[in-house]
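S.K.: Shown below is the structure under consideration.
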């Protein structure tokens, strides 16, 4: 409570969330028919995509650009002020000390989540629909993302002497993950697999209501690694050489653990509109198809059709058919210069000696081709499975007053109260 | 005056401590003992390696070679509490918070809290933030932290730094009072005159090495054996003769 950095972070979260929430609700309302627009557009609208994802995106910004400085200040501050030289004379292990600080940071982050959760309450007051499983998934994803940030910041603050250097390292890693995403988009392949575990991708998955066990395990492993690194390096009474050896040993263990976690296939789609899954009938039919399905898509990494195919069909297929093998074939990264190649754009499906080709990338076309290759009758659509959406043509009333005036005033008043009380 | 090893138990000892920073040797083959109930002064000019030696002794810095041993079975953490010089721990917190934290977190000596606060004249400062204190005020707070710690041996780096003459004399009396109740003090002092007044035994450090160790009488005799008759017997002359 005495950390001015945290109070500043908390103060800024209100307006940050406010901008996102107000914009999202206004857009949602207009698409739902506010102001006399056609109401039919909103029928397929889901608050998950239209409201929660943009509102909680402010948490992603906060975690990337504000939370690291709070964490670094808490960990490095003791070293800078000399308090560390006193604290390390206590029996409490360095790991326990770091864990205690991280716990405090986590609690601080949970308090900061009150801003977007206030948005949830406002949405409810408007009469908006709240599907708890998908909202819980979004919150969990941001907690995991905050954990990654805190762990990275703690490790950086413990390794280097000066907080500014730790801040640079933390931001460099964050920017590095964005560059990794860019590289994956251009080159695909193993980069695409690696980028799935970056904080941005992790958050994106959770913001679509998808919980992947491998992502949760790997994120947890990386969080623990950051804390252990922090504990190793905060022990300034141990020789640097020994700390390096311990860090290397930890690195080997973590790499092995992360590799093992990549084999965890389980996933759960908590979105109300099942945006990460095929219909229940289709999933049942696909599970009954035996034999490894091979898909060979002649599409370049930056071709929008490849992205469309991957996001709308392949990712859903992987959840239902673990033995699915997908190979992307291309000579260039853009695909523009491969148009003269007659095979470019072909998507081949092979199963048990049968094969079929289709150029369409829609989920319907993909399913139709798979059923054709498997010799399976497509299941009938279940009307109950159709998501009707939750249109809401209500503007974001009182949101501006709350996020831009009440929240900052409350935080400022609370901050002053606690600062005076601790003095 | 402290007698020989058979009269007072050895509380801590260092053997052959060495520490280098790259090519610079900060301390070289340093050995000394600290006996229960005495005030040992680590004396040396600025840059002699006193703080490095203190931090290696207290475990705050790793050393390259040598050993540090303690008589307590539970080792360093139970035996010695190191008070660094020139720090402002928890700068956003008040003096009162810091002292209460010392008592709570370190299991400090609650029974002497009021006496320590009164003796070091900290009552007017209790509600002041550590970061807002002057150098001398911070030094008094650090001394309080050290005296409130539960360990029997308190190692204080530059206990008189930032204090005026009157405050220095008051602190000398306070430290002697605590030693009389069973504490042992290991003080790093660069002001030779201050050291001569308060310490029972001395470890003279020059250019990273121990040049002499002993009581004032022992060092006087050693100095006389090296340079002949001393102009006067004050500690400054003895120090100059031995270093």
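Just so it is clear, none of the values below were taken in a lab; they were calculated from the coordinates. The shown structure was predicted, so the numbers you read here are calculated from the model rather than taken from an experiment. Here the Cβ positions follow ideal geometry from the backbone for every residue, glycine too, while neighbour counts run over all protein chains shown.
S.K.: If a paramagnetic tag sat 7 Å from the Cα of residue A:294 along the Cα-Cβ line, which residues of the range A:348-371 would have the backbone N under 11 Å from that point?
M.R.: It comes to A:349-355, nothing else.
S.K.: Quick one: Cα centre-to-centre distance for the range A:321-374 and the range A:196-255, in angstrom?
M.R.: 37
S.K.: Same structure, new question: Please work out the C-alpha center-to-center distance from the range A:116-192 to the range A:57-77 and express it in whole Å.
M.R.: 10
S.K.: Based on the mean of other Cβ atoms within 10 Å per residue, sort peptides B:32-44, B:98-110 so the most packed one is first.
M.R.: Values: B:32-44: 22.7, B:98-110: 17.5.
Result, highest mean first: B:32-44, B:98-110.
S.K.: A further question on this structure: Would you mind calculating the relative contact order of chain A from Cα pairs under 8 angstrom and at least 6 residues apart, reporting the percent as a whole number?
M.R.: Once divided by the residue count of chain A, the mean separation gives 24 percent.
S.K.: Follow-up. What average count of beta carbons from other chains do you get within 10 Å of the Cβ of residues in A:86-95?
M.R.: Neighbouring Cβ atoms belonging to other protein chains average 5 per residue here.
S.K.: While we're looking at this one, here's another question. Order these peptides, A:228-239, A:383-394, by their mean beta-carbon neighbour count within 10 angstrom, highest first. Each step should come with its number before you reach the end.
M.R.: Numbers: A:228-239: 21.1, A:383-394: 15.1.
Descending mean neighbour count gives A:228-239, A:383-394.
S.K.: Also, quick follow-up: Using only Cα atoms, find the angle between the long axis of helix A:114-125 and the longest principal axis of chain A, and express it within 0 to 90 degrees, rounded to the nearest 10.
M.R.: The angle comes out at about 50 degrees.
S.K.: Pairs of alpha-carbon atoms within less than 8 angstrom and 6+ residues apart define the contacts here; what relative contact order does chain B have, in percent?
M.R.: 26
S.K.: Give the order of B:229, A:85 when sorted by the count of other beta carbons within 10 angstrom, beginning with the fewest.
M.R.: Least to most surrounded, the residues fall as B:229, A:85.
S.K.: Report, to the nearest 10°, how far helix B:95-105 tilts away from the longest principal axis of the Cα atoms in chain B, using its own Cα long axis and a range of 0 to 90°.
M.R.: 80
S.K.: If one takes the longest principal axis of the Cα atoms in chain A, at what angle in degrees, from 0 to 90 and to the nearest 10, does the Cα axis of helix A:407-422 lie?
M.R.: Between the helix axis and the principal axis of chain A, the angle is about 30 degrees.
S.K.: Return a whole-number percent for the relative contact order of the range A:280-385, with Cα pairs under 8 Å and 6 or more residues apart as the contact set.
M.R.: 34
S.K.: Take every DSSP beta bridge with both residues inside the protein assembly as shown and express the antiparallel ones as a percent of the total, to the nearest 5.
M.R.: 60
S.K.: Which whole number gives the average, over all residues in B:52-59, of C-beta atoms from other chains lying within 10 Å of the residue C-beta?
M.R.: Mean number of neighbouring Cβ atoms from other chains: 2.
S.K.: As a check on your grasp of the helix formula, calculate [θ] at 222 nm for chain A: sum -39500 (n - 2.57) over DSSP H runs of n ≥ 4, divide by the residue count, round to the nearest 500.
M.R.: -19500 deg cm²/dmol
S.K.: Residues of B:100-112, mean number of Cβ from any other protein chain within 10 Å of their own Cβ, rounded to a whole number?
M.R.: Mean shielding by partner chains, rounded to a whole number: 1.
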